[in-house]
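Data block below; observations after.
The values are calculated or read from the model by the stated rules, or taken from the named source; none is laboratory data. Quantities reported herein were computed from a predicted structural model and do not represent experimental measurements. Positions of Cβ are backbone-derived with ideal geometry, glycine not excepted, and every protein chain shown enters the neighbour counts.
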């Protein structure tokens, strides 16, 4: 009887491991963190040519950070001698494949997620009547 109980507990444990490993990760969880601008491109007739995002070489890298409490921060380094970091913060939420960010200075931005995994985020958004593609790498 003791062997049967041990066998049943072992099978239940293994089953739970397979179930938990097979679950998809929450996309909000994947989105949370600091993302560095990596590539940028303009979409024209559903085709986009991506080029490396140009950071000021002596300054840090521009980024966007999604925090789990619904806070978003965007850090942009100014060009020049001082490398001043300007941070614009606000709120964010995700619904299906859209990220809505409302910044205190830049205002409301809506981005469509093209792809998202543990290391890369690719979005597209309307900027000055153009569809811009951004690729970010997670820090």
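Can you work out which of the residues in segment 105-139 that are surrounded by 14 or more Cβ atoms within 10 Å (Cβ to Cβ) and over 17 Å from residue 53 (Cα atoms) is farthest from the chain's Cα centre (by Cα)?
Among them, the one singled out is 109.
Can you find, within segment 40-61, the residue that is nearest to the chain's Cα centre (by Cα) among those that are closer than 19 Å to residue 121 by Cβ and not in a loop (DSSP other than H, G, I, E, B)?
So, considering only residues that are closer than 19 Å to residue 121 by Cβ and not in a loop (DSSP other than H, G, I, E, B), the one nearest to the chain's Cα centre (by Cα) is 40.
Residue 98 is checked against (1) in contact (Cβ under 8 Å) with a residue 24 or more places away in the chain; (2) under 12 Å from the mean Cα position of the chain (by Cα) and fails just one. What number does that condition carry?
The one condition residue 98 does not meet is (1).
From 38, 93, which residue is surrounded by 15 or more Cβ atoms within 10 Å (Cβ to Cβ) and at pLDDT 95 or above?
38 is the lone residue from the list that is surrounded by 15 or more Cβ atoms within 10 Å (Cβ to Cβ) and at pLDDT 95 or above.
Could you name every one of the strands (runs of 3 or more DSSP E) located completely within segment 62-103 that has at least 2 residues being out of contact with any helix residue (DSSP H, G or I) (no Cβ under 8 Å at 6 or more places or on another chain) and farther than 21 Å from residue 119 by Cα?
Numbers: elements: 63-66, 71-77, 85-95, 98-103.
Of the strands (runs of 3 or more DSSP E) lying wholly inside segment 62-103, those with at least 2 residues that are out of contact with any helix residue (DSSP H, G or I) (no Cβ under 8 Å at 6 or more places or on another chain) and farther than 21 Å from residue 119 by Cα span 85-95, 98-103.
Could you say which residue among 65, 23, 51 is modelled with pLDDT of 95 or more and more than 20 Å from residue 139 (Cβ to Cβ)? Can you show your working first?
Values: 65 fails: more than 20 Å from residue 139 (Cβ to Cβ); 23 fails: modelled with pLDDT of 95 or more.
Sole residue among the options that is modelled with pLDDT of 95 or more and more than 20 Å from residue 139 (Cβ to Cβ): 51.
Would you be able to say whether some residue in segment 122-139 is in a strand (DSSP E or B), touching a residue at least 40 places away in the same chain (Cβ under 8 Å) and in contact with a helix residue (DSSP H, G or I) (Cβ under 7 Å, 6 or more places away or on another chain)?
Just the residues of segment 122-139 that are in a strand (DSSP E or B), to begin with: 122-127, 130-138.
Within this subset, residues satisfying the condition of being touching a residue at least 40 places away in the same chain (Cβ under 8 Å) are 124, 130-138.
Among the residues that remain, those that are also in contact with a helix residue (DSSP H, G or I) (Cβ under 7 Å, 6 or more places away or on another chain) are: none.
Within segment 122-139, none of the residues are in a strand (DSSP E or B), touching a residue at least 40 places away in the same chain (Cβ under 8 Å) and in contact with a helix residue (DSSP H, G or I) (Cβ under 7 Å, 6 or more places away or on another chain).
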